[in-house]
1. Just one of 345, 367 is within 16 Å of the ligand (Cβ to nearest atom) and assigned to a strand (DSSP E or B); which is it?
2. Would region 438-446 turn up any residue that is in contact with a His (Cβ under 9 Å, 6 or more places away or on another chain), within 16 Å of the ligand (Cβ to nearest atom) and either in contact (Cβ under 8 Å) with a residue 12 or more places away in the chain or in a loop (DSSP other than H, G, I, E, B) (or both)?
3. Residue 511 - would you say it is within 24 Å of residue 201 (Cβ to Cβ), in a helix (DSSP H, G or I) and either out of contact with any Pro (no Cβ under 6 Å at 6 or more places or on another chain) or of a type in the set (Lys, Arg) (or both)?
4. Looking only at region 383-395, how many residues end up being at negative phi and within 12 Å of the ligand (Cβ to nearest atom)?
5. Scan 329, 309, 280 and give me the residue that is more than 16 Å from the ligand (Cβ to nearest atom), small (Gly, Ala, Ser) and surrounded by fewer than 20 Cβ atoms within 10 Å (Cβ to Cβ).
6. Would you confirm whether or not region 44-51 contains a residue that is buried (at least 18 other Cβ atoms within 10 Å of the Cβ), at pLDDT 95 or above, part of a helix (DSSP H, G or I) and under 33 Å from the mean Cα position of the chain (by Cα)?
7. Restricting attention to region 210-249, report how many residues are without any contact (Cβ under 8 Å) to a residue 60 or more places away in the chain and under 23 Å from residue 164 (Cα atoms).
8. Could you check region 364-373 and list, in sequence order, the residues that are surrounded by 24 or more Cβ atoms within 10 Å (Cβ to Cβ) and closer than 23 Å to residue 438 by Cβ?
Amino acid sequence: MVKTKKVKRILLDLHRWALLVVCAGMNVYTFAQDQVIPMETASNALVLKIDQKKDVSIIYYGKKLANRNEYDLIPQAYKQLGDGDYTQVLNAAYSSSGSRGLMEPAVSVTHADGNNSLDLRYTSHDQQQISPGVTQYRVLLKDPVYNFEVSLYYKVFAAQDVIEQWSVIKHNEKGNVVLNKFASANLYLKADGFWLNQYHGDWAKEMQPEESKLTHGIKTLDTKLGTRANLFQPSVFMVSLGKPASEDEGTVLYGALEYSGNFRTDLELDFQNNLRIISGINNYASPYTLKPAEEFVTPAFLYVLSHQGKGYASRQLHDWARSYKLLDGQGDRLTLLNNWEATYFDFNESKLKELLKDTKKLGVDLFLLDDGWFANKYPRNGDTAGLGDWQENKTKLPNGISTLVKEAGNNGVKFGIWVEPEMVNPKSELYEKHPDWVVKQPARAEHYFRNQLVLDLANPQVQDFVFGVIDNLFTKNPDLAYIKWDCNAVIFNAHSAYLKNQSHFFIEYMRGLYTVLKKIRAKYPTVPMMLCSGGGGRVDYAALQYFTEYWPSDNTDPLERIFIQWEYSYFYPAVAGANHVTDWGKQPIKYRTDVAMMGKLGFDIVVSHLNEKDLLYCQNAIKDYQSFKQIVWKGDLYRLASPRESAVASLSYVSKDRSSAVMFNYLVNSRYGQGSSYPVKLKGLEAASTYRLSEISLYPGVNSLIDSQKVYSGQFLMEIGFNPLVNSGRTSVVLKVEKVK
Ligand code: GLA
């Protein structure tokens with residue numbers, strides 16, 4: 001039977017009417033008695049509302065209001081309802097599936113009796129002052145039908161405008177419950193359009209940005225790689241609200257999951273044009289069987305909201321990271337000489353002793369011995385064998401590492417070492433002895449990534465082994481001063497010989513990894529460790545709790561590196577980024593060094609091959625670096641001119657007291673006549689103060705074109721700018737900016 005339009009409309013109206021009656025019966029519209037929970041930071045408020053049905057929803061995330069009573073009025077100002085929110089839970093604080101929710105859920109379960117429905121209602125909430133400026137809120141939600149609960153946690157860092165949000169899922173049903181999806185958090189944002197800035201990449205091509213306007217439906221950012229999880233896509237992203245944010249203008253949310261394994265972030269623009277962001281562990285191949293009374297604690301979803309563009313969001317996040325997350329974020333870092341590109345696997349004790357002398361000669365703090373120092377039955381002379389056999393190779397190092405550590409001390413430098421303890425080459429004694437420790441499918445052909453496989457960290461014996469690799473090194477060499485922890489392979493053929501439930505593998509792997517890292521940090525709390533994953537394959541704020549720095553990319557071509565470091569700089573402070581001067585790229589040593597100085601400086605070159613002037617330049621540049629490194633590490637970063645938008649890229653780091661700054665300028669376009677045609681506007685100075693600019697990191701014999709006798713007001717430098725005089729003859733220019741007293 002064909003329905004006429006009129007009949008259709010009547011049916012629809014009847015339906016709506018029925019809905020209203022049901023809702024009215026539940027007092028949906030009695031706003032007056034609703035309860036509001038505003039979680040405020042210096043600039044913002046994330047506001048939850050508990051209605052009469054005990055639904056907990058997000059009614060606001062935006063600029064803080066002076067009058068807290070007005071938050072409750074916000075929903076009424078929006079008339080997007082149109083034909084109605086049929087679900088009544090579009091803006092749920094933690095969206096569940098199988099009951100009223102029709103959109104992508106944050107949590108989805110199969111109860112002990114096989115039922116798939118979940119409905120989470122408010123039970124209680126509390127708040128706790130963790131430390132000055134840090135408040136933790138907990139909202140307990142329970143299913144009225146099933147003995148199932150979720151606690152939502154919000155750790156609110158007031159001064160930094162940062163919120164960490166996670167969930168703890170628990171039940172007391174009469175059997176196991178399967179969690180089909182178990183996100184950390186969902187947010188719900190309102191704006192006239194949303195622009196997503198996301199990243200993709202591969203080895204040596206980390207952090208390639210892409211920006212697009214979100215359209216209706218779901219955009220998913222995720223990884224299923226297991227270990228080197230960020231290889232193709234990191235979990236960090238930005239969402240601009242209302243219009244694409246620029247460096248200093250616009251409202252922008254930065255998001256990141258604090259997790260080193262498989263993550264998934266869904267951005268769903270719904271039929272009312274609001275954006276739901278759901279982030280958590282990827283549920284791919286991972287339905288989780290939760291026993292009665294067991295707690296499933298999700299990782300934290302981290303976010304910061306800025307109304308002054310991307311620059312402010314970065315500075316807030318950097319402050320937060322240095323104060324609360326990054327290991328030893330307020331501490332110092334060691335400059336170093338690494339031998340990876342200088343020797344690769346081809347070295348022996350006498351060669352290394354020469355490099356130790358070179359470390360001293362160069363003027364850096366530490367020598368870092370890279371891959372190739374271990375394994376005997378299958379010597380590690382290339383990347384095809386030996387991984388897993390962490391005994392010194394007797395041919396290369398007959399007197400062991402301890403001799404080298406001692407020799408480093410004799411030269412007045414420290415000693416660090418490379419390890420990749422989660423991995424194994426099939427050609428190794430470890431593989432022969434413990435095939436059951438290896439992640440592989442029992443009945444399928446092995447498939448390798450860089451000729452290696454991953455050890456099964458879900459297995460406590462493997463956890464002990466991995467801890468032992470580090471512990472033995474320190475026990476034998478108490479003066480060891482630095483660890484580079486690498487992780488080159490992704491997980492193929494995911495299967496654990498240890499676990500009964502293979503669906504838990506990816507999650508248990510990460511739990512195992514964090515157990516090991518926690519144990520290492522309990523015993524060795526401060527020794528610097530670099531987080532490496534064939535480059536930046538594993539950078540995230542969960543891992544950075546245990547590491548002092550990360551290796552952004554194996555790509556050290558300084559031109560490429562300007563772009564890669566630029567993108568990382570949105571999310572991670574310079575003190576966490578390890579940059580090495582190598583022979584990649586065609587740029588002169590000064591350019592390479594200037595780029596590496598925007599973070600934690602290291603070298604990976606053959607010092608003995610440097611000509612006299614290059615060596616002298618490096619020695620002087622390291623001294624210059626010592627004089628300003630604290631500003632780069634602990635100061636405020638201002639991105640001044642983007643390498644994507646201009647021929648000269650400029651960045652500056654300004655001390656917290658605004659009395660000094662370092663400004664880096666690079667020619668990134670080698671076409672004819674390119675250079676700094678226009679002055680570059682500085683930022684973050686005091687308008688009324690006077691500053692002097694002088695050029696540092698000068699190549700021997702080169703006179704600076706910058707007149708350091710002249711002084712300028714902060715206002716001049718920020719309104720008119722300063723020309724660093726970059727051109728094809730001066731491709732990189734570093735300026736020190738100092739307040740004149
Ligand atoms: C990875 C790292 C490099 C180097 C090699 C050693 O690729 O990213 O820096 O340590 O492993 O094999």
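The values are calculated or read from the model by the stated rules, or taken from the named source; none is laboratory data. Small disclaimer: the values here were computed from a predicted structure and weren't measured. In this analysis, Cβ positions are derived from the backbone assuming ideal geometry, glycine residues included, and neighbour counts consider all displayed protein chains.
1. On the way: 345 fails: assigned to a strand (DSSP E or B).
When all the criteria are applied, what remains is 367.
2. If we filter region 438-446 for residues that are in contact with a His (Cβ under 9 Å, 6 or more places away or on another chain), which is where we start, we get 439-442, 444.
Among the residues that remain, those that are also within 16 Å of the ligand (Cβ to nearest atom) are: none.
No, that holds for no residue.
3. On the way: within 24 Å of residue 201 (Cβ to Cβ): no; in a helix (DSSP H, G or I): yes; either out of contact with any Pro (no Cβ under 6 Å at 6 or more places or on another chain) or of a type in the set (Lys, Arg) (or both): yes.
So residue 511 fails the test.
4. Of all residues in region 383-395, those at negative phi come to 383-385, 387, 389-395.
Narrowing the set further to residues that are within 12 Å of the ligand (Cβ to nearest atom) leaves 383-384, 387.
Of the residues in that region, 3 qualify.
5. Working: 329 fails: surrounded by fewer than 20 Cβ atoms within 10 Å (Cβ to Cβ); 280 fails: surrounded by fewer than 20 Cβ atoms within 10 Å (Cβ to Cβ).
Answer to the check: 309.
6. Within region 44-51, the subset buried (at least 18 other Cβ atoms within 10 Å of the Cβ) is 44-51.
This time we only want the ones that are at pLDDT 95 or above, so: 44-51.
This time we only want the ones that are part of a helix (DSSP H, G or I), so: none.
Among the residues of region 44-51, not one is buried (at least 18 other Cβ atoms within 10 Å of the Cβ), at pLDDT 95 or above, part of a helix (DSSP H, G or I) and under 33 Å from the mean Cα position of the chain (by Cα), which makes the answer no.
7. Taking region 210-249 and keeping what is without any contact (Cβ under 8 Å) to a residue 60 or more places away in the chain, we get 210-213, 215-217, 219-221, 223, 232-233, 237, 239-244.
In the following step, the residues that additionally are under 23 Å from residue 164 (Cα atoms) were identified as 219-221, 223, 233, 237, 239-241.
Qualifying residue count for the region: 9.
8. Taking region 364-373 and keeping what is surrounded by 24 or more Cβ atoms within 10 Å (Cβ to Cβ), we get 364, 367-369, 373.
Answer for region 364-373, where residues must be surrounded by 24 or more Cβ atoms within 10 Å (Cβ to Cβ) and closer than 23 Å to residue 438 by Cβ: just 373.
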